[in-house]
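Single-structure report; data block below.
The values are calculated or read from the model by the stated rules, or taken from the named source; none is laboratory data. Because the structure is predicted, anything quoted here is derived from the model rather than measured. Methodologically, a virtual Cβ is constructed for each residue, glycine included, from the backbone with ideal geometry; neighbour enumeration extends over all protein chains shown. Please note that ligands, DNA and RNA were not included when accessible areas were found on the heavy atoms of the full protein model with its side chains. Shrake-Rupley method; radii C 1.70, N 1.55, O 1.52, S 1.80 Å.
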Amino acid sequence: MASQVATPTSLQTTATSSSTSLSSPALSPSSPAQLSPDDVELLAKLEEQNRLLETDSKSLRSMNGSRRNSGSSLVSSSSASSNLSHLEEDTWILWGRIVNEWEDVRKKKEKQLKDLVRKGIPHHFRAIVWQLLCNAQNMPIKDQYSELLKMTSPCEKLIRRDIARTYPEHEFFKEKDSLGQEVLFNVMKAYSLVDREVGYCQGSAFIVGLLLMQMPEEEAFCVFVKLMQDYRLRELFKPSMAELGLCMYQFEYMIQEQLPELYMHFQAQSFHTSMYASSWFLTIFLTSFPLPVATRIFDIFMCEGLEIVFRVGLAILQMNQTELIQLDMEGMLQHFQRVIPLQIDSGPDKVIQAAYQVKYNAKKMKKLEKDYTTIKTKEMEEQVEIKRLRTENRLLKQRIDTLEKKGAPRYSEESVLQLERELVQARLKEAESQCALKEMQDKILDVEKRNASLPDDTNVARLQEELIGVKLREAEALTGLKELRQQVRDLEEHWQRHLARTAGRWKDSPRKNTLSELQDELMSVRLREAEAQAELRETRQRMLELETQNQIHSNQLRRAEQESRCLQESVQTLTVQNKDLHVQLQEIKRRQAEIECKSKEEVMAVRLREADNFAAMAELQQQISELEIQKEEGKVQGQLNHTDSSQYIRDLKDQIAELKDEICCLKGQRGLANQSAFDGIHIVNHYVGDDGSYQSSDEDGVKDPTLQDTQQRCGGRVRLRPNLVDTDSDEEDEEALRLSVPQSGGHKSTTV
């Protein structure tokens, strides 16, 4: 049995590796338009063996051996059949040619390539096509993979914990410590070491798992690195997840624009976009849709990027809008988790067709990205300001607590005003010092500019040397000119003598004529010599002029070089100064910030002191008002005791006198029998109640329970005790005025 299975296994390995390397007859560019019957039969056998190997994971593990050294895909297509149809044959031939002629097809037939990818990449070509789409072939990082596995990652515990949660129902990953879990751990660990900022994120394991279903772990690692770098996945998986927030913002805008009724329903139910769509972007629908459908969408994602996620997500909402509007929040969550996966499981073609009916404007998405960045920047600034205010508030609370514990002294209003004046003076001095510093800096810059414009001592010396050299050459030229003039005068004299001699030549003898000819020749020789000397002088003069010009030019060139060097040095100096000034500016800003913080703290302290002072002043004013009220009450009470009591006594005396007169009258009428008996005397009394008010009527006096009780206890005796306090006399406090009326039937008398 083992030998029978080994042959199909080798065939499967050979066929898969040939599909990856594109060296089989069916995929070569020189193959005929149609496969031969033998090739068709061979491919049918290979597909049958792939199907058998898929159903038996143990035989797959035992026959393939190590995953790393295998060039075949670990998971084969589930659509194998015993005989290939003509359409499948044409698809294989077409994709074989596309892979072999990839560069030309990618450049010249990009639209046709996108259409083919949208229709689906054949399973056996998926590994190589994905690598070609993201340019992951021959990456240098592939050679570092084995070294990365030997290192230790700080994320290993997290990766081990989440491995069992990745595709828990898939044959390749569901068994603990299986080959699939091991290679998944290796790839995630290697990437966490390469990109330590991102490290490990749980959603990324599903993408790596899908890659491992199609290709060996080294190639899967390279493709995953490319996806993170070039497909915005790295920004999605960063700890801040800022890119995910941007995607949610853009997707929510698309819903608001194209599905306004559903958007209003989501808002009414507080159903946020991140509650159902975050996993779509983080895992490219791998955790939300069935694996075959998600793989088809991932094909398009490898070709077109995150745009397909926006399109498919909005297409799903359009297809389920009627049902979602009728549900509440929990019902919508259940619908997204259970109903939509079953709805899409029938086939991805319908969803993909609906996705490309969705309006997607790339320029609008860029604008939304800028708007989101602006909003987040403002939020960050507000958070920084809030954090700063919270810090200041905490410091102020700590300071208040400290002051309360120590018992902060109460400052007077004058001390508060003095502190405010000192604070204003300190700020004025600070402003003056800043102005003075700025003026000094401006003066230093002016002086440096003046010094730069002044010539150096070396430049003056060189100019003096050049001037001396020019003057020497000028003197030599003048000397040569004088010599030439002298030679010209000598020649003129010789010429005049020669003319004088030749005037009588025809009259002389032949000998003399011969002598004159010789003299003429000598004269002509001298003339030629003079001409030659003149030409030589002119040549020397020109040479001197050229040398002078050369020296001047060389001096100018040297000066230019020196100036360029000086300028370079000045530029370097200015750069250093600029850096120093920048550092000083940063230091000044820091000091200014510290001063501002200190001033704010001082202002807050002053305000706190002011508040304490105001509170203290309010308490003092309240005490003063209470004392004034007590003082007024005391004055009124004292006046009452001093004046009203005496007046009151006099009134009582007058009343007593009137009563005596009335008694006398009554004595005179004692004998009258029909006269009613005299039972008592009712005296109207002015007294002060407990509440400090005066009562002077008969009714008030009768209504006083104290007075009634006193009358009852005294048994007919009316006792008058004025409730008045005299601050001047203590004896009058005890003074009492009594009026008694005995109730005997026959004898009536009044005693004062």
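Structure summary
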| read-out | value |
| --- | --- |
| Qualifying lysines (Cα of each under 19 Å from Cα of Lys598; at least 8 residues distant if same chain) | Lys387, Lys397, Lys429, Lys589 |
| Estimated FRET transfer efficiency (Val576, Ala534; beta-carbon r; R0 60 Å; 0.05) | 0.45 |
| Nearby lysines by direct alpha-carbon distance to Lys176 (threshold 23 angstrom, same-chain neighbours under 8 apart not counted) | Lys58, Lys150, Lys157, Lys189 |
| Protein accessible area in the range 234-340, 1.4 Å probe - carbon and sulfur % | 50 |
| Rounded if a/c under 1.5, otherwise prolate or oblate - the range 328-381, Cα gyration tensor axes | oblate |
| Accessible area in the full protein assembly, largest first, 1.4 Å probe, for Ser240, Ser279 | Ser240, Ser279 |
| HN-Hα J in Hz across the range 201-218 - Karplus 6.51, -1.76, 1.60, θ = phi - 60°, x for Gly and Pro | 10, 4, x, 5, 5, 5, 5, 5, x, 5, 5, 5, 6, 10, 8, x, 5, 5 |
| Given charges at Cβ of Lys, Arg, Asp, Glu: the range 91-218 dipole, positive-most of Val198, Thr91, Gln112 | Gln112 |
| By accessible area with a 1.4 Å probe, ligands and nucleic acids excluded, highest first: order of Glu465, Glu413, Glu379, Glu89 | Glu465, Glu413, Glu379, Glu89 |
| Förster radius 25 Å - calculated FRET efficiency between Glu569 and Arg462 (Cβ-Cβ, nearest 0.05) | 0.85 |
| Peptides 573-580, 333-340 ordered by average Cβ neighbours within 10 Å, highest first | 333-340, 573-580 |
| Cα gyration tensor shape for the range 78-200, rounded if a/c is under 1.5, else prolate or oblate | oblate |
| Stretchable slack from Val583 to Gln256, in nm (0.36 nm times residue separation minus alpha-carbon distance) | 112.8 nm |
| Where a label projected 7 Å from the Cα of Thr479 along Cα→Cβ would reach, residues of the range 531-564 with amide N under 19 Å | 533-548 |
| Rounded accessible area of Val194 (nearest 10 Å², 1.4 Å probe) | 60 |
| Anisotropy class of the range 152-275 from Cα gyration tensor, a/c 1.5 cut | prolate |
| Table column - 3J(HN,Hα) (Hz), the range 381-394, Karplus curve with 6.51, -1.76, 1.60, x for Gly and Pro | 4, 5, 5, 5, 5, 4, 4, 5, 5, 5, 4, 4, 4, 5 |
| Amide H partners (placed H, <5 Å) of Met215, local residues excluded | Leu74 |
